[in-house]
Amino acid sequence: MPFSPSQHTVPERLLAFLDRLGSELDRRGDAVALLGLGSVGRDLHRLDEHSDADFFVVVDDAAACDRYLADLDWLEAAHPVLWSFPNSPAGRKALLADGLFAEYAVFPLADMSTAGYPPGRIHWSRADAPAGLETPKVPVPHAPPLEHEVGEAVTNLYVGLHRDLRGERLTATRFIQGYAVDRWVTVLGHLGLGDGDAQDAFVVDRGVERRFGADVLPLADLVPGYERNALAAATLLDLLEAHVELDPTIVGAVRDLIRRARAAAQSRARSSA
């Protein structure tokens, strides 16, 4: 089935692309399986107009793997490639025609027994493909225990506020509005306060807007921007205190830093007025 531009939805176009890709792999003979991941894998219910194609191609051996990574003719045969770049030793990201985007990796069959990846879906496989390729032999990493995540969250605030006071506000923003918020998301999962899909073990912040309400994840105050680290830190510390037990010593230290960061921000504002 050759590619032809259409007015079909992105989910329809993505699945049609994978169908064509499976046919091309079948024709070549040195491919073993095509695994869909994420929203084109086991989470087909998440497919929407903003989805892309994440997939693995499993091939016979290392020589075949090298061919697939060196030459995109197999991908071009399924869908025109407008631009791509190698994003890992095993794969690439590619902008495709007709508004599609793909991220893929290629593995020799022998490597699948040691590869770590989220469970996927067999979109196509050769008749002699071994069963179970869609399920990793290496266990998906589990979230660290609650105590670890709570400690990481509050110390991310502590370190981030010190960076803010030092004038390193970009790294401070990452600690306070990035790393600490990720840890809070994991804490919420431990506490059973989310709805819908389970947490993505590889991308913690994936789909948090669907999973958590603003009462436990007020993102506008947790991620208010570069100049507002003190607000973000105070918001998260309040949430932590409301839901988990914190040692008063670290709480006092973080609150002192929040006061100092607020004073420094007010001083900067006066200086720039």
**Prompt:** Going by the structure shown, is L100 over 14 Å from L21 (Cβ atoms), among the aliphatic types (A, V, I, L, M) and in contact (Cβ under 8 Å) with a residue 12 or more places away in the chain?
**Reply:** no
**Item:** Every residue from segment 247-261 that is in contact with a Leu (Cβ under 8 Å, 6 or more places away or on another chain) and either surrounded by fewer than 17 Cβ atoms within 10 Å (Cβ to Cβ) or without any contact (Cβ under 8 Å) to a residue 24 or more places away in the chain (or both)
**Value:** V251, R255, R260
**Item:** Verdict on S39 being modelled with pLDDT of 95 or more and either outside the structural domain of R92 (by TED's automatic domain parsing) or in a helix (DSSP H, G or I) (or both)
**Value:** no
**Request:** Return the only residue of R28, R13, R42 being surrounded by fewer than 17 Cβ atoms within 10 Å (Cβ to Cβ), among the basic types (K, R) and under 23 Å from the mean Cα position of the chain (by Cα).
**Result:** R42
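With the condition kept exactly as written, say whether any residue in segment 156-169 is within 23 Å of the chain's Cα centre (by Cα), modelled with pLDDT of 95 or more and surrounded by fewer than 21 Cβ atoms within 10 Å (Cβ to Cβ).
No, segment 156-169 contains no residue that is within 23 Å of the chain's Cα centre (by Cα), modelled with pLDDT of 95 or more and surrounded by fewer than 21 Cβ atoms within 10 Å (Cβ to Cβ).
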**Request:** Report yes if Y158 is out of contact with any Ser or Thr (no Cβ under 9 Å at 6 or more places or on another chain), farther than 23 Å from R46 by Cβ and touching a residue at least 24 places away in the same chain (Cβ under 8 Å), otherwise no.
**Result:** yes
**Request:** Looking only at segment 145-152, decide whether some residue is in contact with a strand residue (DSSP E or B) (Cβ under 9 Å, 6 or more places away or on another chain) and not aromatic (F, W, Y).
**Result:** no
**Asked** Out of curiosity, is A77 part of a helix (DSSP H, G or I), over 19 Å from A16 (Cα atoms), assigned by TED's automatic domain parsing to the domain that holds R42 and at pLDDT 95 or above?
**Response** no
**Request:** Check T235, T186 and return the single one that is in contact (Cβ under 8 Å) with a residue 12 or more places away in the chain, within 30 Å of L47 (Cβ to Cβ) and assigned to a helix (DSSP H, G or I).
**Result:** T186
**Request:** Identify, by number, the condition in (1) surrounded by fewer than 18 Cβ atoms within 10 Å (Cβ to Cβ); (2) closer than 23 Å to G225 by Cα that S113 doesn't meet.
**Result:** (2)
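Does P108 count as closer than 17 Å to L34 by Cβ, touching a helix residue (DSSP H, G or I) at 6+ places or on another chain (Cβ under 8 Å) and modelled with pLDDT of 95 or more?
On the way: closer than 17 Å to L34 by Cβ: yes; touching a helix residue (DSSP H, G or I) at 6+ places or on another chain (Cβ under 8 Å): yes; modelled with pLDDT of 95 or more: yes.
Spelling it out, P108 is indeed closer than 17 Å to L34 by Cβ, touching a helix residue (DSSP H, G or I) at 6+ places or on another chain (Cβ under 8 Å) and modelled with pLDDT of 95 or more.
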**Message:** Can you pull out every residue in segment 97-135 that is within 22 Å of F85 (Cβ to Cβ) and touching a Gly at 6+ places or on another chain (Cβ under 8 Å)?
**Reply:** E103, Y104, A105, V106
**Request:** Report yes if some residue within segment 118-132 is at pLDDT below 95 and in contact with a Pro (Cβ under 6 Å, 6 or more places away or on another chain); otherwise report no.
**Result:** no
**Prompt:** Just one of the numbered conditions (1) touching a residue at least 12 places away in the same chain (Cβ under 8 Å); (2) farther than 30 Å from V244 by Cβ; (3) surrounded by fewer than 13 Cβ atoms within 10 Å (Cβ to Cβ) is not true of A131; which one?
**Reply:** (1)
**Item:** Exclusive hit being under 19 Å from E134 (Cα atoms) and of a type in the set (S, T, N, Q), set S88, S39, S51
**Value:** S39
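The values are calculated or read from the model by the stated rules, or taken from the named source; none is laboratory data. Everything quoted here is computed from the prediction, not taken from an experiment. Here the Cβ is made from the backbone with ideal geometry for all residues, glycine too, and neighbour counts use every protein chain on show.
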